[in-house]
Amino acid sequence: MVKGPGLYSDIGKRTRDLLFKDYQNDHKFTITTHTSTGLEITSSGVRKGEIYLADVSTKLKNKNITTDVKVDTNSNLLTTVTVDEPAPGLKTIFSFIFPDQKSGKVELQYQHEYAGISTSIGLTASPIVNFSGVIGNNLVSIGTDLSFDTASGNFTKTNAGLNFTHSDLITSLTLNDKFDTLNASYYHIVNPLTSTAVGAELSHSFSSNENILTIGTQHAIDPITLVKARVNNFGKASALIQHDWNPRTRFSLVGEVDTRAIEKSAKVGLALALKP
C-alpha cells in the first residue's frame, strides 16, 4: 500500500489506541488454532458481570481474498469477504449478518499518495450511504465523514477532521456528532526503543458544555511486557499490564479505581489469549 494520508478512521487513531485500547473490565479468554489448510479458528468467551458471551470465528485467506465467518451467542452469523488490491490501492469488502436481511453492505476503500477514500452502501431498497474522504499526505491531512439515510433524506452523521504528523508527534482535531463535539488529541513518542509514549485527548460538548480530559502513557519494561496507565478529569484512573509468556500466549490485567470514591471496590479485568 502506498504511503499517504490514510483513511478518515486513522485520524487520531494512535491516541485512541493509547488511551482506550485493551482497557476492559471484563474477563475474557481467547484461543486461536490453525489447520493444515490455512484455516484460522478463534473461540472466545467474555464474562460481563453476570452475563456470559461467547463466539466462534473462522478466517481463510486465499491469495488476495480473505473470508471471515463469526457466530455469536445469539446465533447471529456474520460473514465478511475482503478482496485486497484487485487494483492498486483498492480494497473491496462485502459483509452481511444472517438472519438480518437488512444488514448486507458493500464497502470500497481506496488509498492514494495524496488521498484516502472509503464509501459503503447498504444492500436494501432504501440504504444508508456512508462516505469518508481524506486529502493531504503523510504529514498533514484534512477529511470528512458522512452518512446519508436515503429513506428519510437526512444526514445521520457529519464529522470533519484535521491531522498533523511529525516523526515522533501526532496531533489531530475533529468535529463529531454533527459538529456538536470537538475532540483535540496529542500523541508523542518519547522513546521508540522502549515503546514509551504519552498522549492526551480533550473532548468538549457544545450542547452540554461538558469537558472530558484523558491523559495516558505506555512503556515497555522489556520486549515481552508492556504497561499502560491513564487518568481523566473525573478521577477515574486505570492501569494495564500486558505480558507475553511466549510468542503464543498473552496475558493482560487491567485495574480501574475512582479516586473520588476510594471506598468503592476497584474494577479488575483479565484477558488471556492462546495461539497453540
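Worth pointing out:
- Note that the stretch 61-215 presents 59 Å² accessible area per residue, ligands and nucleic acids not counted, probe 1.4 Å.
- Counting charges near residue 69 (Lys, Arg +1; Asp, Glu -1) among other residues having Cβ under 14 Å from its Cβ returns a value of -1.
- Helix-derived mean residue ellipticity, 222 nm - over the chain, DSSP H n ≥ 4, -39500 (n - 2.57), to 500: -1000 deg cm²/dmol
- Accessible-area composition of the stretch 8-274, carbon plus sulfur, in percent [1.4 Å probe]: 61 percent
- Once the convex hull of all Cα atoms in the stretch 80-177 is built, its volume per residue stands at 124 Å³.
- The Cβ shell under 15 Å around residue 21 holds other residues with a net charge of +1, Lys and Arg each +1, Asp and Glu each -1.
- Entries of 70/105; 3/63; 59/91; 236/267; 70/102; 28/275 with Cα pairs more than 20 Å apart: 3/63
- From the alpha carbon centroid of the stretch 130-208 to that of the stretch 1-37 is 17 Å.
- Proximal aspartates and glutamates relative to residue 157, as straight alpha-carbon distance under 19 Å, when same-chain residues fewer than 8 apart are discounted: 10, 107, 145, 149, 177, 180
- With the convex hull drawn around the C-alpha atoms of the stretch 23-106, the volume per residue stands at 131 Å³.
- Selection of chymotrypsin sites (Phe, Trp or Tyr not before Pro), the stretch 223-276, meeting DSSP coil and at most 16 other Cβ within 10 Å: 234
- The chain: radius of gyration over Cα atoms, expressed as a fraction of 2.2 N^0.38 Å: 1.11
The values are calculated or read from the model by the stated rules, or taken from the named source; none is laboratory data. None of these values were measured; they are calculated from a predicted model. So basically every Cβ, Gly included, is an ideal-geometry build from the backbone, and we count neighbours across all protein chains shown. Ligands, DNA and RNA are excluded from the accessible area calculation, which covers all protein heavy atoms including side chains. Shrake-Rupley method; radii C 1.70, N 1.55, O 1.52, S 1.80 Å.
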